[in-house]
1. Taking the C-alpha atoms of region 65-124, how large are the radius of gyration and the largest Cα-Cα span, Dmax, in Å?
2. Pairs of lysines 8 or more apart, or on different chains, with alpha carbons under 26 Å: count those in the chain, would you?
3. Given R₀ = 22 Å, what would the calculated FRET efficiency be for SER79 paired with SER127, taking r from the Cβ atoms and rounding to 0.05?
4. In units of 2.2 N^0.38 Å, what is the alpha-carbon radius of gyration of region 2-62?
5. Grab the DSSP H runs of the chain that are 4 residues or longer, score each as -39,500 (n - 2.57), total them, divide by all residues and round the 222 nm result to the nearest 500 deg cm²/dmol.
6. Might you report the magnitude of the Cβ-based charge dipole of the chain about its Cα centre, with Lys and Arg at +1 and Asp and Glu at -1, to the nearest 20 debye?
7. Need the C-alpha centroid separation for region 156-184 versus region 1-50, integer Å.
8. Sort ARG38, ARG64 so that the residue with the fewest other Cβ atoms within 10 Å of its own Cβ comes first and the one with the most comes last.
Amino acid sequence: MISTSDFRNGSHIEVDGKIMRIIEFQHVKPGKGGAFVRTKLRRIEDGGVIDKTFRAGEKFRPVRTESKKMQYLYESGDSVVFMDNQSYDQIELPADLAADALRWIQPNDEVDILFVDESPSEIAVASSIEAKVIKTEPGLKGDTASGGGTKPATLESGVEIQVPLFINEGEVIKVNTETAEYMSRA
C-alpha cells in the first residue's frame, strides 16, 4: 500500500476504483485538527482533472507503471498503430488518446508510451522537437528593423505556430511541444 506521505508528482494511485495520476499535492498541517493532503489528480481513462483532499496517512493501492519506447507507424481510421522496438509487437491506441502527441510526431518517430497496469494510457513526446517549416510568407527587407515580430508558419506535421520574421520555408526549427512556441533554428 502507498500512503499520502509517499505521494510524488507524476505517480499513480487508485481512488474509488479509478486510476489517477498525481499532478500536484500539498501537505497541510493546520494549527487545529488533523493534517491533510490537498491534491490535483488526473483521471487516466478520460483525462479529467479533479481536486481531492485526503487525511494524512490514508492508504491507497499502488499502480504499476512502465514506460516503453515505441515507434509510431501509421493512423488507421480512429486508431493509431505503434510498434515495440524490442519485440516488434504492434499495438493500436484510440486516436483521441494520441491526439495531443500526433500534433508533434511523424511516422517512424520514437515516443515513450506509459503503460498503467499493463494498458497504455499516455504518450510522452519530447519537450522540444525539430521540425521543418513547409509554409510561411517570406520576410520582407526591413521588417526586422523595429526589433522583430512574428508571422504564422505551418510545420511538416500540420501544426501552425508563430515564428520570427527571418524564418523561411524549408528551414528546420526547434519547437517547444508544451507551449507550441518557436525556440530557435535547429
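Read-outs throughout are calculated quantities, based only on the coordinates presented, and are distinct from any laboratory measurement. A quick note: this is a predicted structure, and the numbers were derived from the prediction, not measured. When we count neighbours, we look across all protein chains shown, and the Cβ atoms used for this are built from the backbone with ideal geometry, even at glycine.
1. 10.3, 28
2. 25
3. On the way: r = 26 Å, r/R0 = 1.18.
Computed FRET efficiency for SER79 and SER127 comes out at 0.25.
4. Numbers: Rg = 11.4 Å, N = 61, 2.2 N^0.38 = 10.5 Å.
Rg over 2.2 N^0.38 Å, computed on Cα atoms: 1.08.
5. On the way: 1 runs with 8 residues, N = 186.
Using -39500 (n - 2.57) per qualifying helix, the result is -1000 deg cm²/dmol.
6. Taking the Cα centre of the chain as origin, the dipole is about 1160 debye.
7. Computed from Cα coordinates, the inter-centre distance equals 36 Å.
8. Listing ARG38, ARG64 from fewest to most nearby Cβ atoms yields ARG64, ARG38.
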